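Input: a single structure, listed below in structure tokens.
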Amino acid sequence: MAAAAAAVLTVVAGLAVRAVAQGSVAKYAGDALYTVLILALVVLVAPRSRPLAAAGAALAFSWAVEFLQLTGVPAELSGRSVVARLVLGSTFNAPDLLWYAVGAALGGLAHASLARRSGPPSPPVSARAQV
């Protein structure tokens, strides 16, 4: 539930940044929040993922999308679909790579903090049955 809430809050934060900020601030905050959203989705799909692994997966995905933009495929798809434009973007921008890393670091720290508060994960059901 926390991961789903984090995903929704991240989208709300992204929309809020776009509403109140312009230019580079809005763009790069959006880049960082994009990776935070991916991290929340990773945790939603794999709730037992460790913070470093989840942050690394989110960063790898974000970087892969950015490098894919060098091929022109995202630009073509973005011209046909609003969803593709939102997910894939259209043009490569090297500074985005840094801001994705910032988002992964901040999201990973938040995930680690929440994981510490909730305690260690309980063992899988099969391990408990053997005890």
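In plain terms, if you count all Cα to Cα distances in region 1-76 and split them into 10 Å steps from zero, the share in each step is 19, 41, 34, 6 percent. Axis angle, to the nearest 10 degrees, between helix 2-20 and the longest C-alpha principal axis of the chain: 20 degrees. Relative contact order, whole percent, for the chain stands at 27, derived from Cα pairs under 8 Å and 6 or more residues apart. Seen from every direction in turn and averaged, the convex hull around the alpha carbons of region 80-121 projects onto 4.5 nm². For the peptides 21-32, 81-92, the ranking by mean Cβ contacts within 10 Å, running from highest to lowest, is 21-32, 81-92.
Where only DSSP H runs of four or more residues are counted, the chain gives -26000 deg cm²/dmol as its mean residue ellipticity at 222 nm, each run worth -39500 (n - 2.57). Here the chain is treated with +1 on each Lys and Arg Cβ and -1 on each Asp and Glu Cβ, and its dipole about the Cα centre works out to around 440 debye.
The packing ranking of peptides 66-77, 47-58, highest mean first, is 47-58, 66-77, where packing means the average number of other beta carbon atoms within 10 angstrom of each residue. Here r is the Cβ-Cβ distance between Val11 and Trp63 and R0 is 35 Å; the resulting FRET efficiency, rounded to 0.05, is 0.95. Would you work out the Kirkwood radius for the chain? I mean one over the mean of 1/r across all pairs of different Cα atoms, in Å. Hydrodynamic radius (Kirkwood, Cα pairs) of the chain is 15.8 Å. Compared with the dominant principal axis of the Cα atoms in the chain, helix 51-68 is inclined by about 20°.
Throughout, read-outs are computed from the coordinates displayed, never taken from laboratory work. Note that this is a predicted model, so its numbers are computed, not measured. Note that each Cβ is placed from the backbone with ideal geometry, even for glycine, and that neighbours are counted across all protein chains shown.
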